[in-house]
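K.L.:
Got a structure for you, questions after.
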Amino acid sequence: MRMKRSELVLLLVYLLSAPAIFAQVPGRSDSDRGTASQYFLGSEDQVLMPVNVWGFVTKPGQYMVPFDTDLISLLSFAGGPREEAKITGIRVVRTSLSQNETAQESVIDVDVKKFLETGRSDLVPVLRPGDTIVVSGTTFHFVSKFFDFAWRIAAIVQLFALVDYYTREE
């Protein structure tokens, strides 16, 4: 089967242009491509966006949540805050593009405890694609971790002291 000259030329043009068509521009991330590429279509024609949850929640990770999801709904998706979570200072780390397409980063501190006491919805931000939610631990959690570590070290030191004591008697 012999190719015609025109088919050969078209194939050659395609092969030479394919890398340029499919190549990504170096140094550009998905967030640099504009806001439309940060949304996805769900199974029921629902617009979804990726958000990240870190820290003291039951199931941290990346979630594909519906557009207009608020922080409380996302925390519910993640199984809720753990017992040792500090809900008075949950951080929403947001990177958005300005009009001249430069990254604008901001951190929003949210007092979920105040929301739970008052029910004021203006205290809870609506999430945007790529937001990272950070739920930190309480001071009590870190103090108890320190004392737990110190107790383990003290137990090991005591064990060595007992071994030393009984080996001296013999």
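K.L.:
Among the candidates SER121, SER144, single out the residue that is surrounded by 10 or more Cβ atoms within 10 Å (Cβ to Cβ), within 25 Å of THR88 (Cα to Cα) and outside the structural domain of LEU71 (by TED's automatic domain parsing).
P.N.:
SER144
K.L.:
Something else: Just checking, how many residues over the range 122-138 are touching a residue at least 12 places away in the same chain (Cβ under 8 Å) and assigned to a helix (DSSP H, G or I)?
P.N.:
Residues meeting the conditions: 1.
K.L.:
If you go through the range 144-157 one residue at a time, do you hit one that is part of a helix (DSSP H, G or I), out of contact with any helix residue (DSSP H, G or I) (no Cβ under 6 Å at 6 or more places or on another chain), among the acidic types (Asp, Glu) and within 17 Å of LEU75 (Cβ to Cβ)?
P.N.:
no
K.L.:
Same structure again: I'd like the full set of residues that are hydroxyl-bearing (Ser, Thr, Tyr) and outside any strand (DSSP E or B), limited to the range 59-81.
P.N.:
Within the range 59-81, THR69, SER73, SER76 qualify.
K.L.:
Separate question: If only one of THR88, THR102, THR95, THR132 is within 20 Å of the chain's Cα centre (by Cα), hydroxyl-bearing (Ser, Thr, Tyr), assigned by TED's automatic domain parsing to the domain that holds VAL47 and at pLDDT below 90, which one is it?
P.N.:
Of the residues listed, the single one that is within 20 Å of the chain's Cα centre (by Cα), hydroxyl-bearing (Ser, Thr, Tyr), assigned by TED's automatic domain parsing to the domain that holds VAL47 and at pLDDT below 90 is THR95.
The values are calculated or read from the model by the stated rules, or taken from the named source; none is laboratory data. This one's a predicted model, so the numbers in the text were calculated from it and none came from an experiment. Glycine gets a Cβ as well: all are built from the backbone with ideal geometry, and neighbour counts include every protein chain shown.
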